[in-house]
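Following: one structure in structure tokens, then a few remarks.
The values are calculated or read from the model by the stated rules, or taken from the named source; none is laboratory data. What you see is a predicted model, and the numbers here were worked out from it, not measured in a lab. Here the Cβ positions follow ideal geometry from the backbone for every residue, glycine too, while neighbour counts run over all protein chains shown.
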Amino acid sequence: MEPTKPAARARPKAMTITDAAAARVREIIDNSQTTILGVRVGVKNAGCAGMSYTMEFAEEIGRFDEVVEDKGVKIVIDAKAVMYLLGTEMDFRTEKLSSTFVFNNPNQTSACGCGESVAITPAQAPQGA
């Protein structure tokens, strides 16, 4: 008799997305002049706090990219940014004079005064993993 393998544990999503963010991403996709799969999210070295979030149209999915499908949209996370974005909630807020995507990131340790850049510590693997 062959030993049975333990059932694979469901892997949590790298990011979550609010209803407002999903609606805005869907609107962006629907109004695009080209075929896009979703939005690509990443981080880059920039600003006085050290890093900033990036977003662009995702026309293709890279071999090592992380794909989050939630609420009918695809968020493609750049492979180099996954450890910085684990556990992040992506939201979309509209205020009197602006509207913007907001990242509620548990790995963010600080932000600059102007709000353009952040300091992010990569997520650590749980002990015993």
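So, of the residues in segment 75-86 that are without any contact (Cβ under 8 Å) to a residue 40 or more places away in the chain and more than 8 Å from the chain's Cα centre (by Cα), which turns out to be farthest from residue 23 (Cα to Cα)? I'd like the intermediate steps shown before the answer.
Step one: of segment 75-86, the residues without any contact (Cβ under 8 Å) to a residue 40 or more places away in the chain are 76, 78-80.
With the extra rule that they be more than 8 Å from the chain's Cα centre (by Cα), the set shrinks to 78-80.
Values: 78: 21, 79: 25, 80: 26 Å.
Among them, the one singled out is 80.
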Qualifying residues in segment 14-30 (those that are assigned to a helix (DSSP H, G or I) and touching a strand residue (DSSP E or B) at 6+ places or on another chain (Cβ under 6 Å)) - the one surrounded by the fewest Cβ atoms within 10 Å (Cβ to Cβ): 26
Among residues of segment 31-56, those that are more than 16 Å from residue 17 (Cβ to Cβ) and not in a loop (DSSP other than H, G, I, E, B), counted: 10
Residue, surrounded by the fewest Cβ atoms within 10 Å (Cβ to Cβ), within segment 87-99, restricted to residues that are in contact (Cβ under 8 Å) with a residue 24 or more places away in the chain and farther than 16 Å from residue 23 by Cβ: 87
Where residue 110 falls short, out of the listed (1) at pLDDT below 75; (2) assigned to a strand (DSSP E or B); (3) over 12 Å from residue 52 (Cα atoms): (3)
